[in-house]
Every structure is written in structure tokens, then in C-alpha cells.
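To start, the structure under review is shown below, and the notes come after it.
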Amino acid sequence: MREANRSRLVKRFQDAQVAGDLTRDAEPEELARFILTIGWGMAVDAQSGATRDELYRTVARALSAWPA
């Protein structure tokens, strides 16, 4: 299931590149792994007691790493 999710995300990022919504130098495979890793990490963090504010700050930090 995880591999299928990763594959769908890679395809979506490739489509975004073709449409011009994502820069040509972005790496769809790398971005998919990044997004999934952040999501899985946040799920564990939430189960361990992270607050909503802490999770939002994690999202903000992750977005700062997103290609412009």
C-alpha cells in the first residue's frame, strides 16, 4: 500500500511538472518520499502526544523546504 501511494504521488508530481505547476528541476521521486516521510513522522509524533500547534509548525517547516 505504501509503495502504491508513493507511486501515485510521483505520478502526480510528474503531471504537475508537465502542466507547469512544479518546476522542471524538482525531483518527483524525492518530493514523494519527502512528503510521505513527513506525514508518517507526524502521525507518530501525534500518537506520542504532539499538540496541534506543534504539528502545524512541522508542516510550516516542511513547506519551507518545498521547491519555489
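The values are calculated or read from the model by the stated rules, or taken from the named source; none is laboratory data. Bear in mind that the values here come from a model prediction, so they are computed numbers and not experimental data. For neighbour counting, all protein chains shown are included, and Cβ atoms are generated from backbone atoms with ideal geometry for every residue, glycine included. Note: areas computed on protein heavy atoms with side chains; ligands, DNA, RNA excluded. Shrake-Rupley method; radii C 1.70, N 1.55, O 1.52, S 1.80 Å.
Before moving on, here are some points about what is shown:
- Residue 38/residue 18 FRET efficiency (R0 30 Å; Cβ-Cβ; nearest 0.05): 0.80
- Computed from Cα positions, the angle between helix 28-47 and the longest principal axis of the chain comes to roughly 10 degrees.
- Cα long-axis angle, helix 2-19 against the chain (0 to 90 degrees, to the nearest 10): 50 degrees
- Positive-end extreme of charge dipole, region 22-65 - chosen from 50, 40, 26 (charges on Cβ): 50
- Of all accessible heavy-atom area on the chain, the percent that carbon and sulfur account for (1.4 Å): 55 percent
- Folded to 0 to 90 degrees: helix 52-64 orientation relative to the chain principal axis, Cα: 30 degrees
- In loop segments of the chain as defined by DSSP, the trypsin sites (Lys or Arg not before Pro) with at most 11 further C-beta atoms inside 10 Å of their C-beta are 24.
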